[in-house]
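Chemist: Input: one structure, supplied below.
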Amino acid sequence: MSITAETAKAHAHDPAVLCCRAEGGITIEPANLEDPAIFDDLVDSGLLNLDGCLTIEEVLGAKLVKTCDSLCPLTADVVEGAKAPSAPAQEEAPAEEEVPAAPAAPAAPAPMTAGGMLKIHIGEGKDINLEIPVGALGGGAAAPAAPAVVAAAEAAAAPAEKAEEKVVRTLTRKHFKITEVKRGPETKIEGTTLYIREGIEAEVIDNQELVKDFHLEIITPDLYHTYSETIMDVQPIATKEGDDDIGTGVTRVLDGVVMMLTGVDEGGVQIGEFGSSEGYLDENIMWGRPGCPDKGEIFIKGNIVVQEKTNMERRGPMAAHTAFDIITQEIREAMKKLDESLVAETQELKQVRRPGKKKVVIVKEIMGQGAMHDNFILPVEPVGVLGARANVDLGNVPVCVSPLEVLDGCIHALTCIGPASKEMSRHYWREPLVLEALHDEEVDLCGVVFVGSPQINAEKFYVSKRVGHTVEMMDADGAFVTTEGFGNNHIDFASHIEQIGMRGVPVVGMSYCAVQGALVVGNKYMQYMVDNNKSESGIENEVLGCNTLCPEDAVRALAMLKTAMAGEDVKAAERKWNPNVKSTNVELIEAVYDRKIALEDNEQSLPMSQKRKEKYD
Amino acid sequence: MGNVQILLHQHVGAPCRAVVQAGDEVKKGTLIAAPTGLGANIFSSVYGKVTDITEDRIIIEPADEQPDEFVPIDVPEGASKLDMVKAAGIVGMGGAGFPTGVKLGINLAETEMGELDPEINPELPADFKLDCGYILINAAECEPGLEHNIRQIEEECDKVIRGVKYCMEMTKAEKAIFAIKKKNQKAVKILNEALKSEPAISMHLMPDIYPMGEERAVVRECLGVNLTTMQLPSAARSVVVNLETAARIAEAIDEKRPCITKNVTVRGKLNGGNEAHVFMDVPVGTSVGELIERAGGIDGVYGEIIMGGAFTGKSTELDAPITKTTGGIIVTMEFPDLHGARVGILVCACGGSEERMREIASKMNGNVVSVCRCKQAIENKPGAPLKCLRPGNCPGQTANSIQFRKDKCEYIIIGNCSDCSNTVMGSAPKMGLKVFHQTDHAMRTIGHALYRTLKVSKQVSQDIDF
């Protein structure tokens, strides 16, 4: 496709190739030139040979000496009056493509995917385009991360310029250890044994009209090889002390046990959309992900059957979650009575502000398309139901919360789709990016913004514009935008980044992309991308939590944002997803910060399931 | 002859309202329907009796005797020429059908130059102005295979020039330019001869490239001004009038003749060969089938019948009626059978709409899996017909080819102009895509070269060097 004068300027040092037949004698202008964004693909397929090709800045305004057809590289022998090349942008860095920024273009070759940064572009005005990208990670961070980080490190080492930190509020977590879960006549905790009242199942069923059946199972580690319907949620069991609000005061939490909701509809259809995690538990759970159970934990697993065909309606999953919370709530009541002497460990989380440091904000996109995609926001109890507002009912507009509210369970996730890339309720309880940013002494985390992902494009842009203004009035120096899932939600994900980016705030985007989740849209502000993929093949492999945001991703994202905020370059993404980009970046960060970054396992560490064998690996 | 069906909607604007009733006797020139909003009078094209009036048409059973006399248009003594054009119900006969009386109701002497978009007019100074108003006569006859416009220049040059002079008078245009393709050598010579005594009227020769007849392409070729898709020719102080329309204007003013006939080219898979049959003054409302019979009848099995040209026309049926805007009837050979193969369609402003492209894909038994749109095809309003930003000048199509390949298309069907088709051919076949043009079945039938690569220059010399 022909390019505009603006694009020509951005690609001044890229090869000049005719987009269409042009007749001898014409003066070459941008409208005669093909968009360099598609060259790689053309060169790959042997359709284009750029040897000896002049650059765009050299040929503009020059005369074409003979009629040439489309995709003809403009070489010295067909051009008269070419200009001398200017110094290529930066000479320092050895040849690598330096900067990114350049929006790239449409045309998405097949599987594109992830690299680190992204190239993409939205066509003028309306049509959008495509893209490609992907990002794997930090593609970028690579070279650039280094210098920036070094600088930062030096600064830190420098004298005592440790500006005083300000503790805004604290949250105390009292941990109670549970080693055994049994059924009994009443729900109570004795020592480290949790008893769940027998017969409580009937109340779960009666609570919601759409809940047609319910079974409770206690899954101990020796029972991990048990078949299960798709996992709808994993939740911490926690309660507030007294009248404390979420995100402040004291929270009691049980260690060694989690709530797990699973389900199907009456017709036996899994409550999932793009993939579902049904199968043997030990083959379908990525242990230790922020949103997943840890190996060794006991699952209080409730399997719900909802009314036929409500699995894909908002009311079905909502009813399941609401009914299941009856059990959790009864446990919470029991926890409130526990004697302080049973506290196994006390942990204090501090919300720290660091005036003078670069102010950053985390924007987390959560699902709000309706159907099964929703979240309960700010319940009274951690990951509870009572008191919460459904994201969809709030119109998906941005909701600002404190980092401690996130870590105290302010999101009850109704995420029953795309299991590998969706964030379970427990994910927020251990949200790695919030933790990393909160603890990083080089940045000042001002808060977290949740924004829903509506179904309709007009609504997507409605909310993303609100995000732009929200971040603008924070005077943030940098922002993260994270999302879960892939596909439709990438439209607003890209728009959030654009809205923030156009205000001059560098934005690091975090999403699962890799192969299957390659971005479908993009814009010129999507220069800093981190791919959350962990799967071997870069796919949604239906293993719970596999491709969600982990500490290793948070570390890379922070390094990248610091690099961007320092004005350093981040290298453009490679054209195709290349997992090596991530490893290179990790090594760089390890070298600069002198810290070891533990990389997570992926599905290859699990026993192979029949499903995976047949469908994926 | 068979029954005549006169559509109530043959023009841009609202349908007309019938002013006769079933059983009424009508003559050639009897007013039978009047506008209800933007529109133009509709007259009976035959002597006969109204047999039925349906929601969208008036059906007339013709009398056996059809004298040449007609009922003159009903205008007061001393009516202005513009009023006569309006009364005669003339609409743009190139196919668009915009009411001519409305179009010519402009004073070009006092019309200001519109604001030019510098992006598409890089070579013009920002304050560029045209010296006067212009009537541009569209004689490009750009749809391949049609010949009735050029035939009219050859046979009725005087009448056409009279009509042009009336247009100049009505709009206060000082000059007029005929836009005609240089390949029509005989017509060019005749016109050149006739214009020797008309200093205000000149001729601009155009290359044989599609779409030289697009209204804004005519403006660009004749005046050097590129209009945006939202601008009318008045922004270049001009009005574009189709050649046949000009002749009808002369008839309305000189003879008080209502607009009741149309010149039509009929050709294709017909008994006797694929040469063009030009029928002048076909009564509006005549059926497609009757015209085809007059041209020899269909030769065996056929693919479809196109009403209009191969690029912008639509498929039609034998019993459909000719309207004031029907220019061509093309009977095509059978379609190739793609056996359900994966097909991509490339929609642009120069060819069929997406709906028409899908129809062709379906007639070829293709499975449409991908739809791309030329970057220059602009939809001014949602649902409005596409307009090309720079008619005849390609913006590049390789990215579309990449998309089609990504969507695993085996074939693509394109409707592009000469230049864009050429670009598609620069990449698609190399990517393994087999290319059809939406006009292929018509071009093969009439023996015209297929639209693929471009071998001629977009520039032709203005010398009459033949």
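Rule-based calculations on the coordinates, nothing more; no lab input. Only a predicted model underlies this, so the values are computations on that prediction, with no experimental measurement involved. FYI the Cβ positions are ideal-geometry reconstructions off the backbone, even for glycines, and counts take in every protein chain you see.
Chemist: FRET efficiency for residue A:83 and residue A:380, Cβ-Cβ distance as r, R0 = 51 Å, nearest 0.05?
Modeler: With R0 = 51 Å, the Cβ-Cβ based efficiency is 0.15.
Chemist: Also: Among DSSP bridges having both ends in the protein assembly as shown, what percentage is antiparallel? Round to the nearest 5.
Modeler: Rounded to the nearest five, the antiparallel share is 50 percent.
Chemist: Continuing with this model, one more query. Quick one: which of A:166-172, A:524-530, A:275-281 comes out on top by average Cβ neighbours within 10 Å, and what's the full order, highest first?
Modeler: Averaged packing, sorted descending, gives the order A:524-530, A:275-281, A:166-172.
Chemist: Length gain on complete extension for the stretch residue B:131 to residue B:38, per 0.36 nm per residue less the alpha carbon to alpha carbon distance?
Modeler: Roughly 30.3 nm would be gained on extension.
Chemist: Fewest Cβ neighbours within 10 Å first, please rank B:204, A:496, A:412 accordingly.
Modeler: Fewest-to-most Cβ neighbours within 10 Å comes out as B:204, A:412, A:496.
Chemist: What is the log10 of I(q)/I(0) for chain B, computed with the Debye formula using one identical point scatterer on each Cα and no solvent, at q = 0.07 Å⁻¹?
Modeler: Once normalised to I(0) and log-transformed, intensities are -0.36.
Chemist: Separate question: State the Cα centre-to-centre distance between region B:444-466 and region B:85-155 in whole Å.
Modeler: Cα centroid to Cα centroid, the span is 23 Å.
Chemist: Across bins of 5 angstrom width beginning at 0, how are the C-alpha pair distances of region B:166-265 distributed, in whole percent?
Modeler: With 5 Å bins starting at 0, P(r) equals 2, 11, 19, 22, 22, 16, 7, 1.
Chemist: Okay, moving on. Over region A:5-80, what portion of Cα pair distances is larger than 15 Å, expressed as a whole percent?
Modeler: Details: 1317 of 2850 pairs.
Within region A:5-80, distances greater than 15 Å cover 46 percent of Cα pairs.
Chemist: About its Cα centre, what dipole magnitude does the protein assembly as shown give when the only charges are +1 on Lys and Arg Cβ and -1 on Asp and Glu Cβ, stated in debye to the nearest 20?
Modeler: Details: 109 positive and 159 negative charges, 395 e Å.
Computed about the Cα centre, the dipole is about 1900 debye.
Chemist: May I ask you to derive the FRET efficiency for residue B:430 and residue A:76 from their Cβ-Cβ distance with R0 = 25 Å, giving the value to the nearest 0.05?
Modeler: Values: r = 25 Å, r/R0 = 0.99.
So the FRET efficiency works out to roughly 0.50.
Chemist: Relative to the first principal axis of the alpha-carbon coordinates of chain A, what is the inclination of helix A:579-593, with its axis defined by its Cα atoms, in degrees from 0 to 90 and to the nearest 10?
Modeler: 80
Chemist: Once the Cβ-Cβ distance between residue A:26 and residue B:169 is put in as r, and R0 is 51 Å, what FRET efficiency do you end up with, to the nearest 0.05? Mind dumping the intermediate values first?
Modeler: Details: r = 40 Å, r/R0 = 0.78.
That pair, residue A:26 with residue B:169, gives E of 0.80.
Chemist: Hey, another quick one. Using the Cα atoms as the points, what is the convex hull volume per residue of region A:409-487 in Å³? Display every interim value, and only then the final one.
Modeler: Numbers: hull volume 8.9 nm³, N = 79.
Looking at region A:409-487, the number lands at 112 Å³ per residue.
Chemist: Ranking request for peptides B:132-144, B:148-160: highest mean number of other beta-carbon atoms within 10 Å first, then the rest in descending order.
Modeler: The packing order, highest mean first, is B:132-144, B:148-160.
Chemist: Separate question: Relative to the longest principal axis of the C-alpha atoms of chain A, give the angle of the C-alpha long axis of helix A:551-565, reported between 0 and 90° and rounded to the nearest 10°.
Modeler: The helix A:551-565 is inclined about 40 degrees to chain A.
Chemist: Let me ask something else. Compute the distance in nm between two label points, each set 7 Å from the Cα along the Cα-to-Cβ direction, one at residue B:56 and one at residue B:275.
Modeler: 3.6
Chemist: Just rank A:473, A:318, fewest to most, by other beta-carbon atoms within 10 angstrom.
Modeler: Fewest-to-most Cβ neighbours within 10 Å comes out as A:473, A:318.
Chemist: Over all directions, what mean area does the Cα convex hull of region B:16-101 project, stated in square nanometres?
Modeler: Average projection, Cα convex hull of region B:16-101: 6.4 nm².
Chemist: Additional query: Let me test this: with uniform point scatterers at the alpha carbons of region B:261-331, what is the Debye-based log₁₀ I(q)/I(0) at q = 0.14, 0.18, 0.19, 0.20 1/Å?
Modeler: Debye intensities relative to I(0), on a log10 scale: -0.33, -0.57, -0.64, -0.71.
Chemist: So, one more: Can you sort B:17, A:503, B:216 by how many other beta carbons sit within 10 Å, fewest first? Could the numbers behind the result be given before it?
Modeler: Values: B:17 12, A:503 15, B:216 25.
With the sparsest Cβ surroundings first, the list reads B:17, A:503, B:216.
Chemist: Quick one: what do you get for region A:170-346 if you divide its Cα Rg by 2.2 N^0.38 Å?
Modeler: With N residues counted in region A:170-346, Rg over 2.2 N^0.38 Å equals 1.03.
Chemist: Using only Cα atoms, what is the ratio of the radius of gyration of region B:109-148 to 2.2 N^0.38 Å?
Modeler: So region B:109-148 has a normalised radius of gyration of 1.71.
Chemist: Let me know the Rg and Dmax you get for the protein assembly as shown when you use only its Cα atoms, in Å.
Modeler: 36.4, 116
Chemist: Once you wrap a convex hull around the alpha carbon atoms of region B:4-62, what is its projected area averaged over all directions, in nm²?
Modeler: If I average the Cα hull's projected area over directions, I get 3.2 nm².
Chemist: Once label points are set 7 Å from the Cα along Cα→Cβ at both residue A:610 and residue A:172, what is their separation, rounded to one decimal in nm?
Modeler: Spacing of the two 7 Å Cα→Cβ label points: 5.2 nm.
Chemist: Write down the Kirkwood hydrodynamic radius of chain A, to one decimal in angstroms, obtained as one divided by the mean of 1/r over all alpha carbon pairs.
Modeler: Working: mean 1/r = 0.0391 Å⁻¹.
Evaluated over chain A, this radius sits at 25.6 Å.
Chemist: Separate question: Summarise the partner chain shielding of B:387-398 as one whole number: the mean count of Cβ atoms from other chains within 10 Å of each residue's Cβ. Working shown, then result.
Modeler: On the way: counts 0, 0, 0, 2, 0, 0, 5, 9, 6, 15, 6, 15.
For this peptide, the per-residue mean of nearby foreign Cβ atoms is 5.
Chemist: Here's a follow-up. For peptide A:30-39, what's the mean number of Cβ atoms from other chains within 10 Å of each residue's Cβ?
Modeler: The mean count of partner-chain Cβ atoms within 10 Å per residue comes to 3.
Chemist: Can you pull the one-decimal nm distance between simple spin-label points at residue A:65 and residue B:77, each 7 Å off the Cα toward Cβ?
Modeler: A separation of 7.6 nm, rounded to one decimal place.
Chemist: Within region A:316-335, which residues have the backbone N less than 19 Å from the label spot 7 Å out from residue A:183 along Cα→beta-carbon, could you tell me?
Modeler: Counting backbone N atoms under 19 Å from the label point, the list is A:324-331.
Chemist: Helix A:142-157 versus the longest principal axis of chain A: what angle, 0 to 90°, nearest 10, using Cα atoms?
Modeler: For helix A:142-157, the angle is close to 60 degrees.
Chemist: Run the numbers for residue A:216 and residue A:394: contour at 0.36 nm per residue of separation, minus the present Cα-Cα distance, in nm.
Modeler: Between residue A:216 and residue A:394, full extension yields 60.8 nm more.
Chemist: Compute the Rg to Rh ratio over region B:76-188 from the alpha carbon atoms, using the Kirkwood formula for Rh, and round to two decimal places.
Modeler: Answer for region B:76-188: 1.01.
Chemist: If you don't mind, there's one more thing I want to ask. Taking only the Cα atoms of region B:137-210, how large is their convex hull per residue, in Å³? Kindly include the intermediate steps, with their values, before the conclusion.
Modeler: Details: hull volume 6.3 nm³, N = 74.
About 85 Å³ per residue, rounded to a whole number.
Chemist: Continuing with this model, one more query. Can you compute the label reach from residue B:466? Point 7 Å from Cα along the Cβ direction, backbone N cut-off under 13 Å, restricted to region B:195-235.
Modeler: B:205-209
Chemist: Which cross-chain or sequence-distant (5 or more) residues have an amide H under 5 Å from the amide H of residue A:368, H modelled 1.01 Å from N in plane?
Modeler: Amide H neighbours of residue A:368: A:453.
Chemist: Taking each residue of A:16-26 in turn, how many C-beta atoms of other protein chains fall within 10 Å of its C-beta, and what is the average?
Modeler: 5
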